[in-house]
Amino acid sequence: MHPSHPWLGNAPCGWWYMKKSLRQMGTVLGWLYATLIIAWFVLHAWVGDAIWWLALLNSFTPFLFLPLLLILPACLVCRWRAFQISAVPPVLIFLALYGDLFLPQLAVASGEDSLVIMTFNVWGYSGSAETAQAIIHDEVPDIVAIQELSSQMGEVLLAELGAVYPYRSIRFGAEQESGMAVLSRYPLAVLEAEGLSGWRMQVVEIHTGERSVTVYNIHLEVSNVLAYMEDGTSLPEAVRASWAKREAQVRALIADIAARGGPVIVAGDLNSTDQSTAYGLLRKALADAHRVAGWGFGHTFPAYGGSWRGIPIVARQMRIDMIFYSQDFVALRCRVGSTHGESDHLPVVAELVWRE
């Protein structure tokens, strides 16, 4: 027998209809979200960054799964079967993309023959000792790849860390943000990179006893969406052009690595996330230290929050500062630095040991 109509004043009947309506609405919303996630996942796998708005969306992939923070507890409380099933596809897609980053990390001891590498975009307008000291705040890396090094910051680095890093390659460009440096506790030699000219990049060979490794310090093309919007630049055209340039830079980098051969470390600011086509190309050739030995999303940018035209900007939205290595190494650990000085990036540190 069906319950009486709620208009007749039967309170339990009214609750029954309200509960039924909530269940139907929740199920519809759950499946709508699941459908959108599946559609994004298929499109992302199929075309990558070929569509400009999809390229932007791919940069913020972790945020696409924020609704799960509400959906999963609701599944436990409500126990509506159709609603619970709708949560399965988004959860499986999240696990496929990021599940390995949240597995328990086994404790590992530092190797006697290991190298500690840091990459740090120090911000082109920084000139403080605090930024320089952030490099050695938690530990003293053996090799530091620095991007956006101004001449002022270069002087500060020499004053603060010159004794720590006797070997270094420093290069300043015409623009405030185009300077770069590699600081090393081991002897280094600057290598020519004719095939990689035209963008912010350094190549050095570092000698660690009887072994040597080629280190690439890279700073790929930037996509400054806020600047495009401020200048009135066509957003679709600017995004397509900057994404295409980064992919071309990565292809040239991979070709140079293959031509040189030998052990390789690539560190720097990719201006791309781990869901980008550029990242995918590089990961086919080298291992990502964070993916192998890191934990969590590892977001490095922006280092702090702010606002744009009254719109809040959340801190640590994406991981764009990364360290890659060839099969000559094994990653023992990888972490995001705890301090950044004036920089809008957080440093990344990885410990690599030579593979026997």
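Of everything in the range 58-104, what is outside any helix (DSSP H, G or I), within 17 Å of the chain's Cα centre (by Cα) and buried (at least 17 other Cβ atoms within 10 Å of the Cβ)? Give them in sequence order.
At the first step, the residues of the range 58-104 found to be outside any helix (DSSP H, G or I) are 59-60, 66-67, 79-80, 87, 103-104.
Retained after the next criterion (residues that are within 17 Å of the chain's Cα centre (by Cα)): 59-60.
Ser59 - this is the single residue of the range 58-104 that is outside any helix (DSSP H, G or I), within 17 Å of the chain's Cα centre (by Cα) and buried (at least 17 other Cβ atoms within 10 Å of the Cβ).
Among the residues of the range 210-249, how many are without any contact (Cβ under 8 Å) to a residue 40 or more places away in the chain, at negative phi and in a loop (DSSP other than H, G, I, E, B)?
Selection size over the range 210-249: 4.
Do you know which of the residues in the range 305-333 that are surrounded by 14 or more Cβ atoms within 10 Å (Cβ to Cβ) and of a type in the set (Ser, Thr, Tyr) is nearest to Ser343 (Cα to Cα)?
Tyr325
Hey, could you check the range 192-209 for residues that are in contact with a helix residue (DSSP H, G or I) (Cβ under 8 Å, 6 or more places away or on another chain) and not in a strand (DSSP E or B) and say which is surrounded by the most Cβ atoms within 10 Å (Cβ to Cβ)? Walk me through how you get there before you give the answer.
From the range 192-209, those in contact with a helix residue (DSSP H, G or I) (Cβ under 8 Å, 6 or more places away or on another chain) are 193, 195-196, 199, 201, 203; that's our starting set.
Subsequent filtering for residues that are not in a strand (DSSP E or B) retains 193, 195-196, 199.
Values: Ala193: 16, Gly195: 11, Leu196: 18, Trp199: 16.
So the residue we want is Leu196.
Can you name every residue in the range 171-188 that is at pLDDT 95 or above and either more than 19 Å from His137 (Cβ to Cβ) or not assigned by TED's automatic domain parsing to the domain that holds Asp142 (or both)? Spell out the reasoning first.
The initial filter retains those residues of the range 171-188 that are at pLDDT 95 or above, namely 180-188.
Matches in the range 171-188: Met180, Val182, Tyr186, Pro187, Leu188.
Return only the number of the condition from (1) within 16 Å of Val266 (Cα to Cα); (2) not in a loop (DSSP other than H, G, I, E, B) that Pro141 does not satisfy.
Answer for Pro141: the failing condition is (2).
Report, by residue number, each residue of the range 118-146 that is under 20 Å from Val213 (Cα atoms) and polar (S, T, N, Q). Lay out the reasoning, then the answer.
Of the residues in the range 118-146, the ones under 20 Å from Val213 (Cα atoms) are 118-120, 140-146.
Within the range 118-146, just Thr119 meets the criteria.
Kindly indicate whether Ser242 is closer than 27 Å to Arg309 by Cβ and not aliphatic (A, V, I, L, M).
Numbers: closer than 27 Å to Arg309 by Cβ: yes; not aliphatic (A, V, I, L, M): yes.
The answer is yes for Ser242.
Please count how many residues of the range 6-47 are on the phi > 0 side of the Ramachandran plot and either in a helix (DSSP H, G or I) or modelled with pLDDT of 95 or more (or both). Explain how you work it out, then say what you get.
The first filter runs over the range 6-47 and keeps only residues on the phi > 0 side of the Ramachandran plot, leaving 9.
After this cut, where a residue has to be either in a helix (DSSP H, G or I) or modelled with pLDDT of 95 or more (or both) as well, the list is none.
Looking only at that region, the number is 0.
The values are calculated or read from the model by the stated rules, or taken from the named source; none is laboratory data. Everything numeric in this text was worked out from a predicted model, so none of it was measured. Note: ideal-geometry Cβ built from the backbone for every residue, glycine included; neighbour counts use all protein chains shown.
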